[in-house]
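The next block holds one structure in the form of structure tokens; read it before the comments.
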Amino acid sequence: MAHSHDRGQDHEHADGGSRGRLAFAFALTCLMLVVEALGGWWSGSLALLADAAHMLVDAGALALAWAAAAYALKPADARRSFGYARMEVLAGFVNALVQLLLVAGIAYEAIRRLLALDSIHIESGVMLVVAAVGLAVNAIVLRSQHGNDHENLNTAGARLHVFGDLLGSVATVLAALLVRYLGWEWADPALSLLVSLLILRGAFVLLKRSSHILLEGVPEGVAPEAIRAALVTADPAIAEVHHLHVWQIASGSRMATLHARLREGGDAQQALRSVQQVLRERFSISHVTVQIESSDCLDPESGCRDSGHGDGHG
């Protein structure tokens, strides 16, 4: 069994910086959501109220992302031998689901307002000022997340929420300008609906990525057949590789288990070193469990072939 912890210290430092940026983003988001909620109530703007609601959810998402980043550093224990790294995936999954619910709520209210335009009255001046401040704050918050690990689904979920806020602020500024200078009050709910559709795509992408990891899916860009072929040619002693499973505990943390059947007289230690080297250097898999088998197949149900069937690939 091969373990590699090369990334441990770097990962801890990176997570420390990530937590600091998430805390900063959380504080600014909480401040801005209060301003937008008051501005939306005062001006009657759905775009501002929707953005305030969005920021309320985002504040919770950022708090969850911060907690997940801190919790993921907890060491493994007797009940969780792989530790808590998967907390970041769970946080990304929850963030995506919440974002989908939020989009549905905003879309419903936008359509309701579009069907009742006669009753809409918006104080465009207040709306414009608050939206401009919100745009500036969201740009600062998004910029603060730039240094976070882009492979980390937890921080990806947080960035998705912040990016959605930025889009909402852009749409709100544009809606305020259209209402103020052209009298197009329908622009407020219409642009809210457009932003919801834009956010929807990002939420689905995040949901797909996090679900794939939670379902123990093969990491993106990794083909089991390619791994099997590479391992069989990695060492002359390896006759066959079967029972190959590749997955990831969290983003960028790839793992594998496999059975390697050796030819008669093969050097087991050398074969094991070859397997570890190929997986680490060619497929970025640093944690691997290898079961070395003799020329006799110990597990026929796995699809391997015993010595009587030659050295075929399973």
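The values are calculated or read from the model by the stated rules, or taken from the named source; none is laboratory data. In this text the structure is predicted, and so the values were computed from the model without any measurement. Don't worry about glycine lacking a Cβ; one is built from the backbone with ideal geometry, like all the others, and counts go over all protein chains shown.
Annotations for the structure displayed:
- Residue count for the range 94-113, restricted to those that are surrounded by fewer than 16 Cβ atoms within 10 Å (Cβ to Cβ) and in contact with a Pro (Cβ under 7 Å, 6 or more places away or on another chain): 0
- Leading residue by the ranking (nearest to Arg86 (Cα to Cα)) among those in the range 251-273 that are among the hydrophobic types (A, V, I, L, M, F, W, C) and assigned to a helix (DSSP H, G or I): Leu272
- Residue check for Gln277: modelled with pLDDT of 90 or more and in a helix (DSSP H, G or I): yes
- Any hit, the range 45-56, residues being at pLDDT below 70, within 16 Å of Ala91 (Cα to Cα) and part of a helix (DSSP H, G or I): no
- Selection count, the range 165-182, where residues are in contact with a helix residue (DSSP H, G or I) (Cβ under 9 Å, 6 or more places away or on another chain) and farther than 23 Å from Ala25 by Cβ: 8
- Between Glu264, Glu240, Glu216, the distinction of being of a type in the set (Asp, Glu) and either surrounded by 19 or more Cβ atoms within 10 Å (Cβ to Cβ) or without any contact (Cβ under 8 Å) to a residue 24 or more places away in the chain (or both) belongs to Glu240 only.
- Scope the range 187-226; condition farther than 30 Å from Val246 by Cα and aromatic (Phe, Trp, Tyr); matching residues: none
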